[in-house]
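Working notes, structure below.
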Amino acid sequence: MPNVSSTFFLAPYHSLGSPKVVCFSALQGKSSSIQSSPSQSPIPRLFSRGCKLVGCGSAVPSLQISNDDLAKIVDTNDEWISVRTGIRSRRVLSGRDSLTTLAVDAAQKALEMAKVDADDVDLILLCTSTPEDLFGNAPQIQKHLGCKRNPLSYDITAACSGFVLGLISAACHIRGGGFQNVLVIGADGLSRFVDWTDRGSCILFGDAAGAVLVQACNGDEDGLFGFDLHSDGDGQRHLNAPIKENETKDAAESNGLVLDFPPRRHSYSCIQMNGKEVFRFAVRTVPQSIEAALQKAGLPASSIDWLLLHQANQRIIDAVADRLEIPSERVISNLANYGNTSAASIPLALDEAVRSGKIKAGHTVAAAGFGAGLTWGSAILRWG
């Protein structure tokens with residue numbers, strides 16, 4: 001008997017429904033005399049495969065820092081911060097927490113809601129710019145969850161846009177790779193890279209983790225309707241935390257044979273941000289991106305039940321909502337309690353909205369992330 005092999009590829013994205021997984025069957029064997037009948041024709045067979053969000057979870061550090069607490073270390077006050085940003089407090093990693101434990105906690109809650117066992121997870125995507133290991137944290141999440149089948153786990157670094165990129169990556173793995181259950185985790189500990197003497201930036205950031213379980217489904221149940229992703233490296237100068245050479249010399253000195261060797265140790269700088277430029281960037285690009293995602297999905301803005309943006313600044317959230325003509329009662333915001341938690345902000349706010357009963361199964365959500373890189377992206381999705 002000849003061997004039968006199948007080759008799969010992902011057809012181009014179309015505006016409604018999911019992409020089609022195309023399967024070509026090819027007969028392989030020694031004989032080349034086999035005649036193909038109409039029923040054996042190599043015409044592609046189309047299979048519709050979608051994905052949906054079926055569980056969510058979140059976790060925050062135990063240490064809460066209020067605006068009044070910050071006023072004790074920098075020249076600021078509660079009114080100044082809340083009027084300009086909408087933030088009143090934030091959670092900060094301390095000796096009692098780690099980014100890994102937060103991410104694991106959030107992931108476990110998402111699995112519990114989805115009623116999926118850790119051993120049934122096929123892939124873990126950790127969206128973070130602040131891993132606790134230079135080589136990535138995702139495998140540690142897999143270890144602590146107790147996934148016995150050793151599913152692939154890797155980090156995605158895209159700052160505050162990371163979670164949206166993680167969602168799209170999960171969809172691609174499911175639609176084109178045959179994965180069944182993908183954990184997407186957004187987790188960041190930006191407090192470790194904040195200059196706490198800079199009142200322009202230290203007031204903004206907090207730490208958290210949020211997770212969703214993205215699951216394969218039939219095409220007619222697909223919950224990702226459209227997306228739009230971009231980056232612009234020219235804007236990096238407005239928001240960055242570059243690597244720098246330490247001023248102190250290492251113990252190993254150059255022997256004079258090779259210039260600048262051994263190299264000095266390096267570390268990352270504190271977050272540097274031009275707030276005005278980042279604000280202009282966000283209010284210009286985010287509405288455009290959401291409108292593009294809606295167009296690809298073939299949906300009007302009126303179909304959006306909830307607007308869920310990266311929680312960076314309440315004025316940005318309000319400006320985008322006004323541009324899209326979405327009333328404030330349909331805008332999700334928990335910025336006041338947590339500040340900017342980078343890749344964790346969207347899944348953290350989503351989890352609170354789902355568990356409070358705001359977002360219900362079948363609701364359409366327009367989500368958008370934006371930040372360092374510069375990167376930005378949006379996704380039109382259905383919960384449940």
R0 of 56 Å, Cβ-Cβ distance Asn246-Arg355: FRET efficiency to nearest 0.05: 0.80
Whole-Å distance, taken between Cα centres, linking the stretch 326-384 and the stretch 74-147: 15
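Of the heavy-atom accessible surface of the stretch 256-384 (probe 1.4 angstrom), what whole percent is carbon and sulfur? Please list the in-between numbers first.
Numbers: 2870 of 5530 Å².
In the stretch 256-384, the share of accessible area belonging to carbon and sulfur is 52 percent.
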Above-threshold pairs, the threshold being 28 Å between Cα atoms, out of Lys109/Lys276; Lys115/Lys148; Lys109/Lys148; Lys244/Lys276; Lys72/Lys276; Lys109/Lys358: Lys109/Lys276
Aspartates and glutamates with Cα under 15 Å of Lys143, excluding same-chain neighbours fewer than 8 positions away: Asp105, Asp117, Asp119, Asp120, Asp122, Glu132, Asp133, Asp155
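Which peptide among 154-166, 99-111, 128-140 comes first, and what is the full order, when sorted by highest mean count of other Cβ atoms within 10 Å?
Working: 154-166: 25.8, 99-111: 23.8, 128-140: 18.1.
Result, highest mean first: 154-166, 99-111, 128-140.
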Relative contact order (%) - the stretch 102-225, alpha-carbon pairs under 8 angstrom, separation at least six: 31
Packing-based ranking, highest mean first, of 181-189, 325-333, 194-202 given that Cβ atoms within 10 Å are counted: 181-189, 194-202, 325-333
The stretch 155-201 and the stretch 220-249: distance between their alpha carbon centers, rounded to Å: 10
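Can you tell me the accessible area per residue over the stretch 172-242, all protein chains present, probe 1.4 angstrom, in square angstrom? Write down the numbers at each step before the final one.
Numbers: 2470 Å² over 71 residues.
It amounts to 35 Å² per residue over the stretch 172-242.
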Inter-site label distance for Asp69 and Glu325 at 7 Å from Cα along Cβ, in nm: 4.3
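The values are calculated or read from the model by the stated rules, or taken from the named source; none is laboratory data. Quick caveat: nothing in here was measured; it's all calculated off a predicted structure. Methodologically, a virtual Cβ is constructed for each residue, glycine included, from the backbone with ideal geometry; neighbour enumeration extends over all protein chains shown. Side chains included, ligands, DNA and RNA excluded: accessible areas come from the protein's heavy atoms. Shrake-Rupley method; radii C 1.70, N 1.55, O 1.52, S 1.80 Å.
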